[in-house]
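The values are calculated or read from the model by the stated rules, or taken from the named source; none is laboratory data. On a predicted model such as this, the values are computed, not experimentally measured, just so you know. Every residue, glycine as well, gets a Cβ built from its backbone with ideal geometry; the counts of neighbours run over all protein chains shown. All accessible areas refer to the heavy atoms of the entire protein, side chains included, with ligands and DNA or RNA removed. Shrake-Rupley method; radii C 1.70, N 1.55, O 1.52, S 1.80 Å.
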2 protein chains.
Amino acid sequence: MADEALFEFLHMEIVSHVYKEQQSGKGEMDNKDRAVCVSVLEGMGFRVGQGLIERLTRDSPSFKDELDIMKFICKDFWTKVFRRQIDNLRTNHQGTYVLQDNKFALLTQLSSGKQYLEQAPKYLAFSCGMVRGALSNIGLDSVVTAEVSVMPSCKFQVVVQKL
Amino acid sequence: MADEALFEFLHMEIVSHVYKEQQSGKGEMDNKDRAVCVSVLEGMGFRVGQGLIERLTRDSPSFKDELDIMKFICKDFWTKVFRRQIDNLRTNHQGTYVLQDNKFALLTQLSSGKQYLEQAPKYLAFSCGMVRGALSNIGLDSVVTAEVSVMPSCKFQVVVQKL
């Protein structure tokens, strides 16, 4: 349907704009250029995540513990943003969580051939930022990274930073 | 709800990013800078509008005439994007249409004080582009502009270009 497509199209536009602007005037992008792009997208995601979680948790009871928060992200937050729940949540019970989405919405528009795998990271930065922003607003500082091994499946790793 | 908020937050981020990047290193933006920003946002909207209308019209019967297309934009398209229909559609029956939205979603986050009125145009460019992109995909070339007199009410003027 068009309403989830709206988010996907808009996200595609942002990614392509940020990369194009960074590349303008240069022949090839180097690692530093790519890092700038990822950081810009991550920052946008962070602020969007903060805003969203604020609305989502307005009427929610407070959370029992860290795992309770992560479950909220996997269910309520993910459903609102990506129209599906996280398929699998794993944790080492020491602040590291792996959230696996077997059909990640922002990758389904990319073809699944191996040659696109290297393109995948640029479509993950915004979402990593969004998770980090959401957690930050609930009071958890974290580092969020993502990796893709088989498209369109994606694993987000959240490492909660202890004070 | 968070899902429409997602679009609104994301749109805010894009606007602020595009303006910030144009302004970087300069003190004040001049009219040319502002025109560049509007054009970038309009272009993004154009491509998103094209993508959306393609999905929306996939199973739709073909349109009777130009007015029929405009009604589709006011009802189906607007509802998918902004969760409400256009409140009022007027036409001179010579290719000019005025679409009035009395509570335009992308302006409701701005305060309604007069001092914000001059900020309004930057939040309209993307949507103008989206309408133009949607119409273009159905085969209508158009010029789309928007104006705000009392927030958050907004009028979009569509002038269909005759070949």
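Tell me the mean residue ellipticity at 222 nm calculated for chain A from its helices only (DSSP H runs of n ≥ 4, each -39500 (n - 2.57), averaged over every residue, nearest 500).
After summing the helix terms and dividing by residue count, I get -15000 deg cm²/dmol.
Can you spot the aspartates and glutamates whose alpha carbon is less than 15 Å from A:Lys71's alpha carbon? Ignore those fewer than 8 places along the same chain.
By straight Cα distance, A:Lys71 reaches A:Asp87, A:Asp101.
Once you place label points 7 Å from the Cα toward the Cβ at B:Asp30 and B:Lys103, how far apart are they in nm?
4.3
Nm distances between the label at A:Glu54 and the same-position labels in the remaining copies, 7 Å along Cα→Cβ, shortest first?
The answer, with the shortest distance listed first, is 3.5 nm.
Got a number for the accessible area of B:Ile69? Probe 1.4 Å, square angstrom, nearest 10.
Approximately 10 Å² for this residue.
In cubic angstrom, how much convex hull volume per residue do the alpha carbon atoms of segment A:1-123 span?
Given the Cα convex hull of segment A:1-123, per-residue volume reads 140 Å³.
Report the calculated FRET efficiency for A:Ser39 and B:Gln161 (r = Cβ-Cβ distance, R0 = 41 Å), to the nearest 0.05.
Computed FRET efficiency for A:Ser39 and B:Gln161 comes out at 0.50.
Using a 1.4 Å probe on the protein heavy atoms only, what accessible surface does B:Glu118 show? Give it in Å² to the nearest 10.
Only protein atoms counted, so the area is about 150 Å².
For segment A:55-155, take every pair of Cα atoms, bin their distances at 10 Å starting from 0, and report each bin as a whole percent.
The percentages, shortest bin first, are 14, 48, 29, 8, 1.
Please calculate how many Å² of accessible area segment B:24-92 carries per residue, with a 1.4 Å probe and no DNA, RNA or ligand atoms counted.
For segment B:24-92, the per-residue accessible area is 59 Å².
Which of B:Lys20/B:Lys155; A:Lys20/B:Lys26; A:Lys80/A:Lys103; B:Lys64/B:Lys155; A:Lys64/A:Lys155 have a Cα-Cα distance over 23 Å?
B:Lys20/B:Lys155; B:Lys64/B:Lys155; A:Lys64/A:Lys155, as the Cα separations exceed 23 Å there.
What spacing in nm lies between the two simple spin-label points modelled at B:Asn92 and B:Ser16, each 7 Å away from Cα in the Cβ direction?
For B:Asn92 paired with B:Ser16, the spin-label model returns 4.0 nm.
Taking a point 7 angstrom from the Cα of B:Arg55 along the C-beta vector, which residues in segment A:1-39 have backbone N less than 14 Å away?
Output list for this probe position: A:1-13.
Using alpha carbons only, how many angstrom separate the centre of segment B:114-162 from the centre of segment A:1-72?
26
Only Cα pairs under 8 Å and at least 6 apart count here; give the relative contact order of chain B as a rounded whole percent.
27
Cα atoms only, the protein assembly as shown: Rg and Dmax in Å?
20.8, 68
How far is A:Lys162 from the same spot in each other copy, in nm, shortest first, if each label point sits 7 Å from Cα toward Cβ?
The projected label point of A:Lys162 is separated from its counterparts by 7.6 nm.
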